[in-house]
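The values are calculated or read from the model by the stated rules, or taken from the named source; none is laboratory data. Everything quoted here is computed from the prediction, not taken from an experiment. Here Cβ is always computed from backbone atoms with ideal geometry, including for glycine, and neighbour counts include all displayed protein chains.
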Amino acid sequence: MNNFVVLSEKTWNTRLVENLKKNIPDAQWLLINNKSDFLLENLKKINPSKIFIPHWSYIIPAEIFSSFECIVFHMTDLPYGRGGSPLQNLIVRGHKKTKVSALKVVKELDAGPIYLKQELDLYGTAEEIFIRTNETIEEMIVKIVSNNLSPIEQEGEPVFFKRRKPAMSEIAQIDEIGKLYDHIRMLDAEGYPKAYFENDHFKFEFTRASLKSNNTILADVRIIKK
């Protein structure tokens, strides 16, 4: 029986593992969601055939990806969009759709060969998109395992994204209603710095934005005393 590991720190990926157990019951599935557990010595005990990485904010150590087949899922049509904060960078650039790329982890970030790609819509909040991505990744994992897919080297000129910093969530300089709506929704997910502005006394954080036809946004606001 094959052993597979799913590596993710996000709560929505717990459901992914449970679904994979149902879809591929003749394999053992293990979720690792803590960086302190993702160690070579632990993995050697598990001896996974593959390690699937749907959402992880840390560098995969060379000793691990050299010892085990590690497959990461990146929310761009690689080699377009290598680098950090892919969802936010896509929305800022006006993309309405993208592709999720399943690629083998190598030393260079997001440069590994591709197993397959699958289309993804970018409407809704960041959390809604991540949940939808979770369903897409589940389908992709089933295809990779069931068909024993081999990766193919990337083709084309790479385009690189820079990881966003928390200060980039500030909204004071945005002057278009559509861009403001996109800015709020693309940061509206667990673990991301929310869209905000602040004055001398308070910080205002925005979530659950809804764009109305009369150039109005309705949103929840969290007010924090500085």
Evaluate the following for Lys45: is it part of a helix (DSSP H, G or I), out of contact with any Lys or Arg (no Cβ under 8 Å at 6 or more places or on another chain) and farther than 15 Å from Glu138 by Cβ?
yes
Leading residue by the ranking (surrounded by the fewest Cβ atoms within 10 Å (Cβ to Cβ)) among those in the range 54-73 that are modelled with pLDDT of 95 or more and under 15 Å from Val6 (Cα atoms):
Glu69
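Yes or no, residue by residue, for (1) charged (D, E, K, R); (2) part of a helix (DSSP H, G or I):
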| position | (1), (2) |
| --- | --- |
| Leu7 | no, no |
| Lys10 | yes, no |
| Thr14 | no, yes |
| Pro25 | no, no |
| Trp29 | no, no |
| Pro54 | no, no |
Lys10 meets each of (1) farther than 25 Å from Pro86 by Cα; (2) of a type in the set (D, E, K, R); (3) in contact with a strand residue (DSSP E or B) (Cβ under 6 Å, 6 or more places away or on another chain) with one exception, condition (1)
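So that you can scan it fast, the table gives a plain yes or no per residue for (1) assigned by TED's automatic domain parsing to the domain that holds Phe52; (2) surrounded by 12 or more Cβ atoms within 10 Å (Cβ to Cβ):
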{"position": "Ile144", "(1), (2)": "yes, yes"}
{"position": "Pro151", "(1), (2)": "yes, yes"}
{"position": "Gly156", "(1), (2)": "yes, no"}
{"position": "Leu180", "(1), (2)": "no, yes"}
{"position": "Pro193", "(1), (2)": "no, yes"}
{"position": "Arg208", "(1), (2)": "no, yes"}
{"position": "Leu211", "(1), (2)": "no, yes"}
{"position": "Asn215", "(1), (2)": "no, no"}
Residue in the range 84-125 that is farthest from Ile53 (Cα to Cα), counting only those that are assigned to a loop (DSSP other than H, G, I, E, B) and among the acidic types (Asp, Glu)
Glu108
